[in-house]
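A.B. asks: Have a look at the structure that comes next, please.
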Amino acid sequence: MKTVAAQMSKGGFTVDFLRKIFLHQNSFLLFLCAFLLGSSNIASGALPLGAAFFAAASRVAGNRLLMAFAVLIGASFQGSLELVYINAACMLLFSVLCIPLKEVASRLNIKAACLLFISMLLPQLLLAVMQGFLAYDVMKAVFSSFISFALFFIFGLSIPVISGTVKRALFAGEEAISIAITAALVLSGIGALQILGFSVRNMLCVTLLLIFSFKCGAGVGAAAGVAIGLITSITKESTPAITGAYALCGMLAGILGNLGRTGSALGFVMGNMILAAYLNGSAESMLYLREVLGAVVLFFLTPNKLIKFLAGPFKRDLSLMADRRGYSSRIRDITVDKLEKFSKAFSELSKAFGEVAETKMPVERQDINVLFDRVADRICSDCSLCMHCWERNFYDTYQVMFQIVESLESKGRVEEKDIPRYFFDKCARINDFVNAVNNMYELFRVGVVWKGKLKESRDVIGRQFQGMSKMITGLAGEIDKEVSFLSPLEDEITAALHNAGVKAKETTAYKNSWGKYEISVLHNACGGARSCVSIIDRVVTDAVGRRMVRGSAECTRSRDGSCCLKYVEAENLKLTTGIAKLPKYGSNISGDSFTFMNSGNGRYMLALSDGMGTGYGAAAQSKATVNMLESLLESGFDKDMAVNLINSVLVLKSEEDSSCTIDLTTIDLFSGEVEFIKIGAAPTYLKKTGKVDIIRSASLPAGILPGIDAELAHRKVEGSDMVIMVTDGVIDSLTGDEPGERRLMKLIQELESLNPQQVADSILAEANKCCDNKPCDDLTVLVAKVWEKPF
């Protein structure tokens, strides 16, 4: 067998080594940072950085005992027993005070930061008392405690990156600044170490500044220069001007970074020489030129992969990001603006129809005058006595007409005997007059009926336009709502998957509009083994701390072959249903319809509708009602809105019997809250352990009145509870010596089965038996059993 060894390039080996240190939670790098921070000489050793780092790291990662040991070893290198004492006492006191906070998961917990402040202050105050309790020592203790309080949050953002619990393609602004400050503080722990006369600290600082300026541009270069220069000026005897020198050199290196490494190096050297000539002449540089040139050599020797690895997460294409944010924001604003205009248009239509519907019809006296005028035009206009009756004796004729109206209102028509004698004897066309009055009055009554229907239809349409306006306004509000992504949770899931051997390309986590977690993980395909899917299931559930289930059994494939898994928060409850129905005796079609479904937003819907009458007509009516209800709720309509829309459709139908009951039950599968909406429906029974609750309604069926006020009832269900919905045919069939509602309640109490189908069959069989197997109405029973999902 021939073995071929592939030689790894220097850059690839270095990058892989650093990846192992950063991304596999190797504690070596944490211990090294703790050691260097413990030996840091900032403020002449008055600021115990090691203890602050220990406090932040102990809340995130690493062995606490070894971390404390590394800090103390670093502090001992300073040769200051006072620094060793403060670090040791602070770490011990902090560990004791944090015992009650062990379960606190947040690395930026304000309580832990306050405990660090106390742990840092008390040992220094004790030391100040032993040294004479001078005001200077007290102020120094308070100052260092405040600085440690702030450093707790800075280290808390940077330590997850160092330990590998965060793996992200792009760091947020506060994370980038925290990492830069931490790096500068760590480098300050190197102290005055020199190799061949070159300061290791200065060369590493310049090299890192060149890398960040070259890769990330002038802005990041200047910011990094300020952080490095500030820390450097504090840790050694240098003027504050060194901060400006690092910032200017970093900015020039970033500006000339487009020319490659040579341009960045030239910019840094030029910046240093300009400051040297301007501030100190040619005698002394702000940064020693030999150290700058040495750092330039290191910069040129650094592999491209290593530069990309170190500075890549800090690189931001601000213009592209701004364009994307601006474009998406503009699209959202345009959509919301159009929806709001649509909503306003529907609202105005609703007002217009409402104003038309509220316009009063002509008063009855005016309608009667119109009736008299039409009779006179048809019968009296060519009569020889027309002038005598309608001009000379107008008052008497008018009184006769009102007497005729009284007869019309009481009898619905007028006869010759209802005409006053003096008018009957005087009128030459009395028969034609009577017939004309009856015909005109009949037309008048038909007109009044149609005017009422038209007013009713306008009122219904106006209500629906108003409902559509509210729905569109709600949709615009949902679109305009900002989605807040949970970046810490995304980092935790990504790092956990990486440690488990699953390469996640992208992880998205947020809370939806009803406050439940939704997670999406884009990862490389498993090659059909599906082993990675079970790992992702476990990691996502552990990270969120709640039961998470896949939205679909299979992943969504992308064009590059990647697999996208979407997770939603699992419901606490589940339902099983049973249905039993029987048509009226002598009919093959039941007029009752039902449906049940999981609406997808954590709610389960049960609906039952009883069409008025029996047979095909009632079945068509109830089926249409159930279908409309199901479609509207699936589309996101509010329950009240859906019920009112269905009622409007039924009202606008021309058939007089186009009405039906609506019995709707919605169950929140997370909290167990149940809402009952009953419109002319029979009672619903809620069976709990040891009792049966009845939910009644006293409203009219849908389709009778233009407006509808649904009766709402709320209850709460738990595991083993049962919801029983029936139509009025079941109640009527059970009615005998005692009311049907009470008899059905007793029957439900006696049933011991937990199978919803068996319960439905038993209730239907008893109802059919009570009417001698000849039901006088359609019978339907819908039963839902509630179960608690095991964790």
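A.B. asks: Of the trypsin sites (Lys or Arg not before Pro) in the stretch 542-645, which ones lie in a loop per DSSP and count no more than 10 other C-beta atoms within 10 Å? If you can, show how the numbers build up before the last one.
C.D. replies: Working: sites: ARG546, ARG547, ARG550, ARG557, ARG559, LYS566, LYS574, LYS581, LYS584, ARG603, LYS623, LYS639; in loops: ARG546, ARG547, ARG559, LYS584.
Counting only loop positions with at most 10 other Cβ atoms within 10 Å, the trypsin sites (Lys or Arg not before Pro) in the stretch 542-645 are ARG559.
A.B. asks: Can you pick out the pairs among LYS716/LYS746; LYS308/LYS503; LYS470/LYS623; LYS503/LYS566; LYS505/LYS574; LYS566/LYS688 whose Cα atoms lie more than 24 Å from each other? It would help to have the intermediate numbers written out before the result.
C.D. replies: Working: LYS716/LYS746 22 Å; LYS308/LYS503 19 Å; LYS470/LYS623 27 Å; LYS503/LYS566 16 Å; LYS505/LYS574 34 Å; LYS566/LYS688 36 Å.
Too far apart for the 24 Å limit: LYS470/LYS623; LYS505/LYS574; LYS566/LYS688.
A.B. asks: Moving to a separate point now. Work the Kirkwood hydrodynamic radius out for the stretch 566-679: mean of 1/r over every pair of different alpha-carbon atoms, inverted, in Å.
C.D. replies: Numbers: mean 1/r = 0.0659 Å⁻¹.
After inverting the mean inverse Cα-Cα distance, the result is 15.2 Å.
A.B. asks: Let me ask something additional. Once Lys and Arg get +1 and Asp and Glu get -1 on their Cβ, which of GLY578, ALA607, GLN621 lies farthest toward the positive end of the dipole of the stretch 539-650?
C.D. replies: Of GLY578, ALA607, GLN621, it is GLY578.
A.B. asks: Just report the Cα centroid separation between the stretch 176-211 and the stretch 240-263, whole Å.
C.D. replies: First find each Cα centre; the distance between them is then 16 Å.
A.B. asks: Please state the shape class of the stretch 630-780: rounded when a/c is under 1.5, otherwise prolate if a/b exceeds b/c and oblate if not, all from the C-alpha gyration tensor. Intermediate results must be reported in sequence, preceding the final value.
C.D. replies: Details: a/c = 2.22, a/b = 1.27, b/c = 1.75.
Oblate.
Bear in mind these aren't lab numbers, they're just calculated from the coordinates by the rules spelled out. The structure presented is a predicted model; accordingly, all values stated were derived computationally and were not measured. In this analysis, Cβ positions are derived from the backbone assuming ideal geometry, glycine residues included, and neighbour counts consider all displayed protein chains.
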